[in-house]
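All remarks here apply to the structure that follows.
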Amino acid sequence: MAKRAVLVGCNYPGCVHELRGCVNDVVRMHQSLIQRFGFREQDITIMIDTDDSYLQPTGANIKGALNQMIAKSEDGDVLFFHYSGHGMRAPAQIDDDDETGYDECIVPCDMNFITDDDFRELISKLPSGVALTIVSDSCHSGGLIEAAKEQIGDSHNPQGKPEADPLQFGEANSGDEENEERSAGTKQVVYVGEDGMEVRSKALPLDTYMEMLRDRTGRQDIEVGSIRRTLYDIFREDSSSKVKKFLRERSAVDEEESVLNSAADDGDACVQAAMETGLRYATEAAYAGPGKTVTSMGVLVSGCQSHQTSADAANPNGDPADAFGALSNAIQTIFASTEAGGQPISNRYLVTEVRRLLASQGYTQQPGLYCTDENAEAPFIC
């Protein structure tokens, strides 16, 4: 039995919504995999964006590493993916069959987002008998495996509303240039707790994502309605499968529209009527996606529900190595409270204890567990 892992930490250094603890989360998880879970160093791929000597966590590199890990796997292997960084919710395509109404995404360092559909496709490639556990310490991560069964959480409740102030640690800094990070009219709100810890949200509002994408690519023509087309123009076959699907179907609709326009110019009243009715539905169909299922071997531990945000915490006067993501830190705390080599921790136990710990620390984010009934009771990455 082989154990393989891909660990990704994105701090986005120099960006308007820079984070502090994501790379530290990866370092700590790497130690845990080796010391507690018996992973071999050569079977762990690490990507961080604060050190150029490491493989950079771009969209293409992350998907490439995950695909390679899955391709090598055989019956009985254990696979693990840990991501700490920004998450976002992109508006779902018009009649896409998504239980949350959004495309939940993780945001690599090059802004080439990876969607819930991408993760579903990755899991669908798992050979029989191979388990893949995903820990996503990011915002809106509750829906990150499309159509997975929800064991703990309410991310698939379509009534879930985005939280206005998800981090209740004290007063949010406002108007203080020293604590409020600004760029081109956007700002990152920093909450300060009684212990002096500064807490940032790992959520990227859509307008901030577009600003960061402009900064990364140098393109200033990026707008809400052109995000998917822009991502394809920049990243081509390395872009999300959802982006490529949208562009293919939009191209088909545009071609049909061109044919109908040509016929309408010739005065065909029937064709004009078709344009007024059928094209509307054809355009909506370009955003369509059939209902989906995933294999039984995918397990997601999310940092929060799909409508919530996850926290990144740091002491501005302390050691930068002490910064952390709230979910990742809570998992490490649970590890430390249980004996290594003793009774394995089940997925359900881990998530339940993490939720209790975060609530006691003042965090409002609620981690979730998404998997089959059997995997809910199975040991965490063992």
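The values are calculated or read from the model by the stated rules, or taken from the named source; none is laboratory data. These figures come from a predicted structure and were not determined experimentally. Cβ placement follows ideal geometry from the backbone for every residue including glycine, while neighbour counts extend to all protein chains displayed. Quick note on the areas: whole protein, heavy atoms, side chains included, nothing else; ligands and nucleic acids left out. Shrake-Rupley method; radii C 1.70, N 1.55, O 1.52, S 1.80 Å.
Among the residues of segment 228-240, which ones are more than 10 Å from Met111 (Cβ to Cβ) and under 18 Å from the mean Cα position of the chain (by Cα)?
Arg228, Asp238, Ser239, Ser240
Need the failing condition index for Gly341 against (1) at pLDDT 80 or above; (2) over 27 Å from Ser241 (Cβ atoms), just the number.
The number of the failed condition is (1).
So is Tyr102 farther than 25 Å from Gly368 by Cβ, open to solvent by 10 Å² or more (accessible area, probe 1.4 Å) and among the aromatic types (Phe, Trp, Tyr) or not?
No.
Sort out which residues of segment 302-328 are of a type in the set (D, E, K, R) and open to solvent by less than 10 Å² (accessible area, probe 1.4 Å), and write them in order of number.
Once the filter is applied, which keeps residues that are of a type in the set (D, E, K, R) and open to solvent by less than 10 Å² (accessible area, probe 1.4 Å), segment 302-328 yields only Asp312.
Right, Tyr209: open to solvent by 30 Å² or more (accessible area, probe 1.4 Å), aromatic (Phe, Trp, Tyr) and either out of contact with any Phe, Trp or Tyr (no Cβ under 7 Å at 6 or more places or on another chain) or at pLDDT 85 or above (or both) or not?
no
Could you figure out which of (1) outside any loop (DSSP other than H, G, I, E, B); (2) closer than 22 Å to Phe335 by Cβ; (3) open to solvent by 30 Å² or more (accessible area, probe 1.4 Å) isn't true of Asn67?
(2)
Does any residue of segment 329-345 turn out to be closer than 16 Å to Asp137 by Cβ, open to solvent by less than 50 Å² (accessible area, probe 1.4 Å), not in a helix (DSSP H, G or I) and not basic (Lys, Arg)?
No, segment 329-345 has no match at all.
Restricting to segment 2-17, name every residue that is at pLDDT below 95 and farther than 15 Å from Ser310 by Cβ.
Matches in segment 2-17: Gly14, Cys15, Val16.
May I ask you to verify whether Arg40 is more than 30 Å from Phe246 (Cα to Cα) and basic (Lys, Arg)?
Criteria met by Arg40.
Just give me the residues in segment 310-328 being assigned to a helix (DSSP H, G or I) and touching a strand residue (DSSP E or B) at 6+ places or on another chain (Cβ under 6 Å), in sequence order.
Within segment 310-328, Ala326, Leu327, Ser328 meet the criteria.
List the residue pairs whose Cβ atoms are under 7 Å apart, where the first residue sits in segment 30-55 and is under 29 Å from Gln343 (Cβ atoms), the second is among the hydrophobic types (A, V, I, L, M, F, W, C) and open to solvent by 50 Å² or more (accessible area, probe 1.4 Å), and the two are 6 or more positions apart or on different chains.
Arg36/Ala340; Phe37/Cys382; Glu41/Ile34
Restricting to segment 1-55, give me the number of residues that are open to solvent by less than 70 Å² (accessible area, probe 1.4 Å), assigned to a helix (DSSP H, G or I) and under 19 Å from Asp137 (Cα atoms).
Number satisfying all stated conditions: 9.
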